[in-house]
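> Take a look at this one; I'll ask things after.
The values are calculated or read from the model by the stated rules, or taken from the named source; none is laboratory data. All figures in this text were calculated on a predicted structure; none of them were measured in a lab. Note that we place each Cβ from the backbone using ideal geometry, even for glycine, and neighbour counts take in every protein chain shown. Quick note on the areas: whole protein, heavy atoms, side chains included, nothing else; ligands and nucleic acids left out. Shrake-Rupley method; radii C 1.70, N 1.55, O 1.52, S 1.80 Å.
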Amino acid sequence: MFHALSPMWRGAAKCWARALPTLSKTSSLPSRFFSEWKLGKLNHIAIATTDVNKAGAFYRDVLGATVSPVQPLPEHGVSVVFVELQNKSKIELLEPLGDTSPIQNFLSKNPGGGVHHICLEVSDIAKAVAHLRKQNVRTLTETTKIGAHGKPVMFLHPKDCNGVLIEIEQE
Ligand SMILES: C[C@@H](C(=O)O)C(=O)SCCNC(=O)CCNC(=O)[C@H](O)C(C)(C)COP(=O)(O)OP(=O)(O)OC[C@H]1O[C@@H](n2cnc3c(N)ncnc32)[C@H](O)[C@@H]1OP(=O)(O)O
């Protein structure tokens with residue numbers, strides 16, 4: 001591969017090749033550079049509300065969006081409605097379901113509702129979870145769960161993510 005380069009660039013490439021193992025140990029470059037997984041696209045932004053039908057009607061009737069039917073997800077303690085957007089990303093409307101919904105405290109603190117979490121796709125969720133735990137990012141369950149799109153998901157503690165609850169989803 002070095003043969004296609006001019007002597008100056010060949011020298012620089014060799015220098016980088018020597019430096020890479022050291023840099024990976026000292027985390028001088030972004031860790032994703034060395035990871036076996038990659039961050040993908042924004043899958044959705046989730047909004048907590050006390051009434052997904054009412055919130056869905058706003059997106060459908062006022063903003064003209066395509067809105068899914070209500071989907072109860074008892075294993076997650078929420079009912080969801082998806083608002084489809086042009087670029088394939090979505091807005092997920094969440095309403096508490098059951099007595100122990102994980103969004104109940106959030107709604108008690110924010111009775112008018114609000115942005116609850118963002119969901120980012122990853123190329124390999126098992127590797128991403130292992131990597132994040134090594135970086136001292138707390139995961140909110142021991143193992144992944146199957147999310148609203150039938151794919152494995154994991155939530156990361158907002159206190160370890162600059163105050164934002166992050167869901168990662170297998171792409
Ligand atoms: C269907 C699926 C899918 O899309 O596939 C879903 O969306 S399921 C969507 C619902 N499922 C989930 O959210 C699962 C993951 N969430 C959880 O495990 C929980 O909601 C926690 C994030 C751990 C929060 O739990 P809980 O509200 O009981 O605890 P808490 O009130 O003591 O909160 C601890 C601290 O985190 C902060 N905190 C709580 N929720 C937050 C949020 N959404 N964004 C940013 N910060 C948040 C609180 O203000 C508090 O900070 P201070 O101490 O400074 O006051």
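> Per the Kirkwood treatment, what hydrodynamic radius in Å, one decimal, follows for the stretch 39-170 from the mean inverse distance over all distinct Cα pairs?
Value: 15.2 Å, from the Cα pair sum.
> Obtain the nm distance between the two label points defined at Val164 and Leu42 by a simple spin-label model: each point lies 7 Å from its Cα along the Cα-to-C-beta direction.
If labels sit at Val164 and Leu42, their model points lie 0.8 nm apart.
> Hey, any idea what % of the stretch 39-170's accessible area is carbon plus sulfur with a 1.4 Å probe?
Summing carbon and sulfur atoms, their accessible area is 54 percent of the total for the stretch 39-170.
> Here's a follow-up. About the Cα centre, and with charges only on the beta carbon of Lys, Arg (+1) and Asp, Glu (-1), how big is the dipole of the stretch 39-170? Nearest 20 debye, please.
Using Cβ point charges on Lys, Arg, Asp and Glu, the stretch 39-170 gives about 360 debye.
> How much accessible surface area, in Å² rounded to 10, belongs to the heavy atoms of Glu171 with a 1.4 Å probe?
For Glu171, the solvent-accessible surface is approximately 100 Å².
> Give me the lysines in straight-line cross-link reach of Lys127: C-alpha distance below 29 Å, same-chain residues under 8 apart excluded.
Within the straight-line limit of under 29 Å, Lys127 reaches these lysines: Lys25, Lys38, Lys41, Lys88, Lys90, Lys145, Lys151, Lys159.
> Could you give each residue of the stretch 55-61 its phi-based ³J(HN,Hα) in whole Hz, using Karplus coefficients 6.51, -1.76, 1.60 with θ = phi - 60°, and x for Gly or Pro?
Using θ = phi - 60°, the values come out as 5, x, 5, 4, 5, 6, 8 Hz.
> Can you pull the one-decimal nm distance between simple spin-label points at Asn136 and Ser89, each 7 Å off the Cα toward Cβ?
In this crude label model, Asn136 to Ser89 measures out at 3.0 nm.
> Could you work out the local net charge near Thr144, counting Lys and Arg as +1, Asp and Glu as -1, over the other residues with Cβ closer than 15 Å to its Cβ?
Details: positive: Lys127, Arg133, Arg138, Lys145, Lys151; negative: Glu75, Glu121, Asp124, Glu142, Glu167, Glu169, Glu171.
Summing Lys and Arg as +1 and Asp and Glu as -1 gives -2.
> At what distance in nm do the modelled label points of Gln71 and Gln104 sit from each other, each positioned 7 Å from its Cα along Cα→Cβ?
Inter-label distance under the simple model: 2.4 nm.
> Take the eigenvalues of the Cα gyration tensor for the stretch 77-141, scale each by 5, and report the square roots as semi-axes in whole Å, largest first.
Its equivalent ellipsoid spans semi-axes of 25, 19, 11 Å.
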